[in-house]
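First up is the structure itself, then whatever we jot down about it.
The values are calculated or read from the model by the stated rules, or taken from the named source; none is laboratory data. Here the structure is a predicted model, which means the values were calculated and not measured. Reconstructed Cβ throughout: ideal geometry from the backbone, glycine too, with neighbour counts over all protein chains shown. Ligands, DNA and RNA are excluded from the accessible area calculation, which covers all protein heavy atoms including side chains. Shrake-Rupley method; radii C 1.70, N 1.55, O 1.52, S 1.80 Å.
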Amino acid sequence: MKDISVFVHVAEAKSFTAAAERIGLSRSAVGKSIVRLEDRLGVRLLQRTTRSVSLTGEGAAFHERCVRLLADLDEAEMAMLSHSQAPRGRLRLDLPVSFGRLHVLPVLNEFIRKWPEISVSASFGDRYVDLIDEGVDLAIRIGSSEDSRLMNRFLARHRLVTCASPAYLAERGTPRNIDALAQHSCLAFVHGGRSVDWRFNENGQARVIAINGRFVATNAEALRDATIAGFGIARLATFLVSDDLRADPQRGRRRWCTHSRRLSFEQALVAEGAYIHRCVDRGLAAGTALGQRRDFTARTSD
């Protein structure tokens, strides 16, 4: 089993030296471990050159199964340990900026109180980082993950709502269909260096709308504030705007207008604060109990 663990580290680090540093062995010991494993299996698992290490076809297939095997062993071990001792150590998190600040931080406060021997290091960013290279234990992401090295768990659906301020709609009018959006100031969220397209489901058919508004932002909360100020129409997550969409107690009316009754493609607003709280709490608990790098996702519902 030790040789298998060494093999997985070498495959992921793509370097004997880097793998040796990670697991606390000499480079020579790591090399001997790989040779023993290849001799026992009768196949070459790794292609070695003076500059790099890569998986062979057989090595890639074996690596995929080894990752699952080691994850199952870790889960079984941690499940047994959880009966005899409280979790301890440092939990390194990677969180989306707005979702993390608004919905994960409140849960983290309760989590830290519940587990006094755990310390938390949280990084906030909307850029997808390599969890293994960055030493991250658990990430919460909005969208899908295709990294086969990670254990993934679906937490909740990510719902979007198209909205604008009453002042903007009073000045520019309310669009009656998807095509009418082209005549409006549509505010775009920028991710990965490009504006994110708007996706709708119109009469059972998917439609993608490219947004070319005069205002774009890389931060969702800034986009929300711009929409409140009347810059234009935005497509925002309900976890970000649900409070704004509820009645304003000081004025007795909505601060925002949604188009849910006017545009057939609009998503219904959901009251989701407590639901998100439960999902994040379950995710943190699972990540701590398993001691495994995990990528928790919220999928977009268009």
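Summary table
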{"item": "Amide H contacts of Tyr128 (H built 1.01 Å from N, under 5 Å, at least 5 apart or other chain)", "result": "none"}
{"item": "Phi-based couplings in Hz for region 50-63 (Karplus 6.51, -1.76, 1.60; Gly and Pro marked x)", "result": "5, 10, 8, 10, 9, 7, 7, x, 5, x, 5, 5, 5, 4"}
{"item": "In order through region 20-35: 3J(HN,Hα) via Karplus (6.51 cos²θ - 1.76 cosθ + 1.60), integer Hz, x for Gly, Pro", "result": "4, 5, 5, 9, x, 10, 6, 4, 5, 5, 5, x, 5, 5, 5, 4"}
{"item": "Region 1-49: relative contact order as a whole-number percent, Cα under 8 Å and 6+ apart", "result": "35"}
{"item": "Estimated vicinal HN-Hα couplings, Hz - region 227-234 in sequence order (Karplus 6.51, -1.76, 1.60; Gly, Pro = x)", "result": "5, 4, 6, x, 5, x, 9, 10"}
{"item": "Placed amide H near Leu46: partners under 5 Å, 5+ positions off or other chain", "result": "Thr56"}
{"item": "For region 1-29 and region 84-130, distance of Cα centres in Å", "result": "28"}
{"item": "Ile233 long-range amide H proximity, modeled H, under 5 Å", "result": "Ser185, Cys186, Leu187"}
{"item": "Unit charges on C-beta of K, R, D, E only; dipole of region 159-241, Debye", "result": "120"}
{"item": "Peptides 232-243, 196-207, 60-71 ordered by average Cβ neighbours within 10 Å, highest first", "result": "232-243, 60-71, 196-207"}
{"item": "Whole-number accessible area per residue in Å² for region 91-241, which is evaluated in the context of all protein chains at 1.4 Å", "result": "51"}
{"item": "Sorted peptide list for 155-163, 28-36, criterion being average Cβ within 10 angstrom, highest first", "result": "155-163, 28-36"}
{"item": "Anchor Lys2: lysines whose Cα lies under 24 Å away (excluding residues fewer than 8 positions away in-chain)", "result": "Lys14, Lys32"}
